[in-house]
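Everything on this sheet refers to the single structure shown next.
The values are calculated or read from the model by the stated rules, or taken from the named source; none is laboratory data. Treat the numbers as computed from the prediction; the structure is a model and nothing was measured. Glycine also receives a Cβ, built like all others from the backbone with ideal geometry; neighbour counts cover every protein chain displayed. Please note that ligands, DNA and RNA were not included when accessible areas were found on the heavy atoms of the full protein model with its side chains. Shrake-Rupley method; radii C 1.70, N 1.55, O 1.52, S 1.80 Å.
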Amino acid sequence: MRSATDATLIHNGQVIDGTGAPAIPDGCVLIESGIIRYVGPLRTVPPGSESAVRLNANGGTIMPGLVEAHFHATYFNVAALEDLDIKYPVEYVTLLAACNARLVLECGYTSARSGGSLFNIDVWLKKAIENDLVIGPRLATSGREICGAGGLMDWNPEFRKIGMEGLILLVNGADEARKAVRKLVKDGVEWVKTYPTGDAAAADSNDHHTLCMTFEEMHAVVQTAHNHGMKVTGHCRATAGIKNALLAGYDAIEHGTFMDDETLELLLKRNVPVVPALYFEMMSIERGPEFGMSQAVIDGHQETLDGGAESARRILAAGGRLGMGGDYGFAWNPHGDYAKELSFFVNYVGLKPLDVIKCATQTGAEILGREHELGTLAVGKLGDVLVVDGDVLADISILQDRKRLIAVLQSGIIKSRCGVSCLSGDAVVS
Ligand SMILES: [Zn+2]
């Protein structure tokens, strides 16, 4: 990805550095050649910055670019889960994914960790973003997701004779789990996404208390993935599924919904981050009837929401780590609404805005494994910055309004202004 060659001084705003530290009033950030050179009060900005291009925050907020920690670029706002594997060919899904990548950047998210990808689109999307062919977040890729046969993602009945090669790798036993991971090695993905448990969405056969993989399968996935330098995460709602994932050596937990004391202790001991993705549940409850969800499904989502909110509060209060990612890409929870997850955690779950921003920046970068270069505003890190018109600590919902995102920068280059992307320069095709 291109880096700025000049210097930019972002000034006239409070600086939130992403570490959870209080905001610096009347602060500024100086970026030179794409790297942050100064963060602090404007009055002590180092000499030589006078020649920098000035970017005025209008008395608002200067903060790190956000990190979407559970991003599905390839989920195209589907109204029915089956649409994921039968509605469009890979060619069209790839184009939709590129649009979603641009959109998430326009929404202030300069990085994203994938929660699973159709076909092997993530890997190639990342290449296109890194080569400046399309704009989008710095992406940590996933590939086709792994699920036990008969589990949550194995929804096509046999009589349809439909393969699910683009969506999921179905496994029976540890050997097949290893084989599936080895396919992903060849694809070049960074994260292996698995389905240890079911979900309220499949109330009839794979509800949120059902296990969809055995411990042996999960352990085989982790051993194989770690051997090849890949990380493993999983859709974990049932307590036993979360526990299995932690014991098997998972690197992150998606959702982490129903957590008893023993599981929480295990989570904290291994310091594994959790990405709850809870606003999705709220939207499923509110908009489910519009999309034909049964009462049993909606009741399940309510139970998930209550359990997930309680677990999120306990994890953070006990010193654990939460990432902010929203599982966007469903008709009732569409792309573009990413920052609603942050408002939801403040207003419904009851977390402090500064803590939620830390989850969405510093912890997000840690989940990507790139905390040394992303996630906080600190000297030496990449100039990935979000400039917002307004005080996001007083009203975090400002982040939902793309028009109020004065600028989104990656490596010191303005990629989007007021929610509209700036495409410039010649792409490097290689
Ligand atoms: Zn997901």
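Quote the relative contact order of region 284-407 in percent (integer), defining contacts as alpha-carbon pairs under 8 Å separated by 6+ residues.
The value is 19 percent.
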In deg cm²/dmol and to the nearest 500, what is the mean residue ellipticity at 222 nm of the chain if only DSSP H runs of at least 4 residues count, each as -39500 (n - 2.57), divided by the residue total? -9000 deg cm²/dmol
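Give the percent of DSSP beta bridges with both residues in the chain that are antiparallel, rounded to the nearest 5.
That works out to approximately 45 percent antiparallel.
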Given Cα pairs under 8 Å that are at least 6 residues apart, what percent is the relative contact order of the chain? 21 percent
Give the percent of DSSP beta bridges with both residues in region 98-236 that are antiparallel, rounded to the nearest 5. 5 percent
Identify, among TYR328, GLY241, TRP191, the residue whose Cα sits farthest towards the positive end of the charge dipole of the chain, taking +1 on the Cβ of Lys and Arg and -1 on the Cβ of Asp and Glu, with the dipole about the Cα centre. TRP191
For the chain, which DSSP H helices look membrane-span-like by this rule: Cα extent along the axis of 27 Å or more and mean Kyte-Doolittle of at least -1.0? 295-317
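Please compute the contact order of region 329-397 in relative form: average sequence separation of alpha-carbon pairs under 8 Å and at least six residues apart, divided by the residue count, as a percent.
Relative contact order comes out at 30 percent.
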In whole angstrom, how far apart do the alpha carbon centroids of region 50-77 and region 195-223 sit? 35 Å
Could you calculate the contour length gain from PHE159 to ARG43, that is, 0.36 nm times the residue separation minus the distance between their Cα atoms, to one decimal place in nm? 34.6 nm
At R0 = 56 Å the Cβ-Cβ FRET efficiency linking GLN295 and ASN227, nearest 0.05, sits at 0.80
FRET efficiency (LYS87, SER33; Cβ distance; R0 35 Å; to 0.05) is 0.20
Across ARG113, ARG370, ARG37, the residue with the highest GNM fluctuation in the chain (Cα network, 10 Å cutoff) is ARG370
Could you order VAL274, VAL53 so the one with the most accessible surface comes first? Probe is 1.4 Å. VAL53, VAL274
Using a Gaussian network model of the chain with C-alpha springs under 10 Å, which one of SER142, SER343, SER51 is most mobile by mean-square fluctuation? SER51
